[in-house]
Amino acid sequence: MTKPIIKFENISKSFNETKVLNDVSFDIEEGRFYTLLGPSGCGKTTILKLIAGFETPTKGNILFNDKVINKVPANNRKVNTVFQDYALFPHLNVFDNVAFGLKIKKLNKNVIKTKVDEALKLVKLEGYQNREISEMSGGQKQRVAIARALANEPEIILLDEPLSALDLKLRTEMQYELRELQQRLGITFIFVTHDQEEALAMSDYIFVMKDGKIQQSGTPVDIYDEPVNKFVADFIGESNIVPGIMRQDYEVEMYGISYECVDAGFKKDAKVDVVIRPEDITIKSVSEGRVSAKVDSQLFRGVHYEICCYDEQGNEWIIQTTKKATIGETVGLDFDSEAIHIMLPGETEEEFD
Ligand code: ATP
């Protein structure tokens, strides 16, 4: 583990009487791509504002390279923000937009020109210096906003839903570009999104948030494969969640039948939630399946069909498969032991005290 560049120590933040962050602690390591993921209003932007210095914590300490920075003003932090709407100045051209912060710092003209040119090169906009902002496409405006942040040579770049205004194709392109840029430069990126696919695709590390608390932190694979509670399991893609009983380590009982699973460390006979991802299930004949279920509906999703079934206990199962199913047919659902993940039902959705 490398040294944390940012550390949140038991941070709470209230606006008037409303608590929007509740005892949040985390470390941000240098040079990685972090994502704050969660539904609208869970406190993602508030965390960015605390890091940027636009807000101060009500409780707790924020450390930057081991020094408490709670009261350090925004312009004295080596942090730059790229906003959702880019916050570009429409009356200034590309050069002047990127140069804006540097001019405020009253840097020498030649130094400003060098830094602006370098920043534009990094985002593949060399030669666009004299273009008006109104003549730039959505993706290009996005890159100008990133170049403006880079020109200040920050140690951390904060990105607040920077791709949400773009159409799907451009958004995917920019996901690749941003990820590639972060890896090339080795600067710490902290990215905010409520889009789980985007978070999984881009991040080294994700913090999943709800109601002002971090529900789970980990790599995309950890979070996808081993969600700690129902909220995370549902928020990070579709999940099938059915009740089970942990008979012993690596053995869970579902509907009276024992299955091998990959989890251990639960109390014997603990009631648990069993999670199985839709893409880990195959549809077979009833005699070949582990659970019988009746096909209720299906949607064509382009790369696969999403099939909704109900088992005999009335639990819903979503299955992703390349084969079409027959509505009303009873089928067998099959899955490997590695696909069975266990969560404690009690762990669900931490709320405020
Ligand atoms: P979104 O995805 O919608 O941007 P978010 O997760 O970024 O949401 P925040 O913007 O951090 O959420 O807001 C968290 C909560 O704090 C919201 O309920 C919001 O209304 C409230 N809030 C944020 N800033 C202020 C403020 N300056 N004064 C009062 N309440 C605020």
Yeah, region 133-189 with a ≥ b ≥ c from its alpha-carbon gyration tensor (a/c under 1.5 is rounded, else prolate when a/b outruns b/c, oblate otherwise) is oblate
Rounded to the angstrom and largest first, Cα extents along the principal axes for region 1-49 equal 37, 21, 14
Semi-axes (Å, rounded, descending) of the ellipsoid equivalent to the chain per its C-alpha gyration tensor are 45, 25, 15
Toy charge model, Lys and Arg Cβ at +1, Asp and Glu Cβ at -1: the chain dipole around Cα centroid in debye, rounded to 20, equals 2260 debye
Taking a crude spin-label model, label points 7 Å out from Cα along the C-beta direction, the THR114 to GLU17 distance in nm is 5.7 nm
Place a point 7 Å from the Cα of ASP96 in the direction of its beta carbon; the residues of region 114-150 whose amide N falls under 13 Å from it are 130-134
With bins of 10 Å, the percent of all Cα-Cα pairs of region 238-345 per bin from 0 is 16, 47, 28, 9, 0
Here the percent of antiparallel bridges among DSSP beta bridges lying wholly in region 4-225, to the nearest 5, is 55 percent
One finds, for GLN248 and ASP225 with R0 = 25 angstrom and r their Cβ-Cβ distance, a FRET efficiency to the nearest 0.05 of 0.70
Taking Cα atoms, the helix 109-122 axis meets the longest principal axis of the chain at an angle in degrees (rounded to 10) of 20 degrees
Any residue on another chain or 5+ positions along whose placed amide H is under 5 Å from the amide H of VAL82 is listed here as LEU158, LEU159, ASP160
Rounded to whole angstrom, the alpha-carbon centroid of region 8-48 lies from that of region 254-313 at a distance of 35 Å
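Values in this text are rule-based calculations from the coordinates and carry no lab data. Source: prediction; values computed, not measured. Positions of Cβ are generated from backbone atoms using ideal geometry, with glycine treated the same way; all protein chains shown enter the neighbour counts.
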